[in-house]
Amino acid sequence: MVRINVTGLPDKYLWSVIEERQGFVQEITYMVNNYINHSRQLVTSGNIDMDEAGREIVTGDALMKKCNIYLPAGYDPNDVAVRYNVLYLLHGVGGNQYEWLRSNGKVKERFIICNIFDNLIANGEIEPLIIVFPNGRSAYDWTDSSFNSEGTNMLGFYYFDYELRHDLIPFIELNYNTYADIMNTSHEGIKYNRTRRAIAGLSMGGMQALNLILGGYRYDSTLFTGTKSHWNNGLDKTVLAPGLIDLFDYVGAFSNAPTSSDGKILGSSLASCAFKLQLLYTTCGSEDGVANNSFLNSIDQLIHEAGDDLAHYYEIIIKDGIHDFNVWNNGAYNFSRLAFRNFDDQLMSNVVKKVL
């Protein structure tokens, strides 16, 4: 039995492995039937309640969106006998499906995030896996990366859960050799599938991992809510998202952005869910002037409220860390080492709080 020790990201993991051990990235296009339209309505092909969504539900034409996918070395689409876990990595407010790749930088013309996972796999620290880098704006103007609290592109961040459930995850599991099969809706199937999916995000994506997966508030512009912004950013809460704990057993939030719900709300949502969350990994830099307050607010009372419905909780502070990829790469490194494991077979603490 191996005990996973949360550590700093080794410098050597920023460098590439030998060519035959390198994974590869492909950009793909998929159809989206669940998104915010130009009138701020939720377009959906599903049976979604208007009260749950917090806005008018309409039908509409499908969008075609793009995402990037990392496939590990040796992935063969024709070898259906070999299956893979899937990790979804979400970007920040000004980013897109390329932020974890291009904004993170390269070492000798190879993306750093790919080097990290190549090294983890090559060294046997994690099993080979598929990584999906989506664009987290479920809106008709999903390519707009500007920060505008009144924009539908911003509103789309708070409705990405419907796209995940009804569009992106089904596409991935239909077209790639994954362990999980969202079409298996039996109780045992759902229990198994969620152990084969993980999700984490940086900054705005960290907020999405908390609010949309655990079950926090959606937000909209105060121009439309008619209320005041608690965060002084032109956004205020509307309705609680139902959460996606039935889809994910491992959640990571790296420097989660303002509009993250508070720990009491998130913990209460977990406690009301039919499934136990195996892993919640939270991290932030000690000198992060953007996310430090929202990070502290989102973890306050969370584990107390969640109780037995949260199995393993990690709270990792990066000493002198700021709002950058030094923190987020460390989060991806440690989170991936902890996810997809049978914690019951390892002597691990329920709560780990550590400064790196």
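The values are calculated or read from the model by the stated rules, or taken from the named source; none is laboratory data. Predicted model, so just to flag it, every value in this text is computed and none were measured. Using ideal geometry, Cβ is built from the backbone for each residue, glycine included, and neighbour counts are taken over all protein chains shown.
Hand me the list of strands (runs of 3 or more DSSP E) wholly inside segment 226-296 holding 1 or more residues that are among the β-branched types (Val, Ile, Thr) and within 18 Å of the chain's Cα centre (by Cα). Explain how you work it out, then say what you get.
Numbers: elements: 235-240, 250-254, 277-285.
Answer list for segment 226-296: 250-254, 277-285.
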Of the conditions (1) within 24 Å of Tyr98 (Cα to Cα); (2) assigned to a helix (DSSP H, G or I); (3) within 19 Å of the chain's Cα centre (by Cα); (4) not small (Gly, Ala, Ser), Leu214 satisfies every one except a single condition; which number is it?
(1)
Determine whether segment 175-198 contains at least one residue that is free of Cβ contacts under 8 Å to residues at least 60 places away in the same chain, aromatic (Phe, Trp, Tyr) and either assigned to a loop (DSSP other than H, G, I, E, B) or touching a Pro at 6+ places or on another chain (Cβ under 9 Å) (or both).
no
Unique residue being under 24 Å from the mean Cα position of the chain (by Cα), among the β-branched types (Val, Ile, Thr) and at pLDDT 95 or above when the list is Ile36, Ile57:
Ile36
Of (1) farther than 30 Å from Val239 by Cβ; (2) over 25 Å from the mean Cα position of the chain (by Cα); (3) modelled with pLDDT of 95 or more, Tyr13 fails just (2)
Residue pairs within 8 Å by beta carbon, gap of at least six or interchain, first lying in segment 264-287 and farther than 25 Å from Arg337 by Cα, second among the aromatic types (Phe, Trp, Tyr), listed first then second, are Ile265/Tyr217
Which count do you get for residues in segment 115-141 that are buried (at least 24 other Cβ atoms within 10 Å of the Cβ) and part of a loop (DSSP other than H, G, I, E, B)?
5
Condition check: in contact with a helix residue (DSSP H, G or I) (Cβ under 8 Å, 6 or more places away or on another chain), farther than 26 Å from Leu129 by Cβ and among the β-branched types (Val, Ile, Thr). Does Ile299 satisfy that?
yes
Any idea which of Tyr192, Tyr219, Tyr159 is surrounded by fewer than 20 Cβ atoms within 10 Å (Cβ to Cβ), aromatic (Phe, Trp, Tyr) and touching a Phe, Trp or Tyr at 6+ places or on another chain (Cβ under 9 Å)?
Tyr192
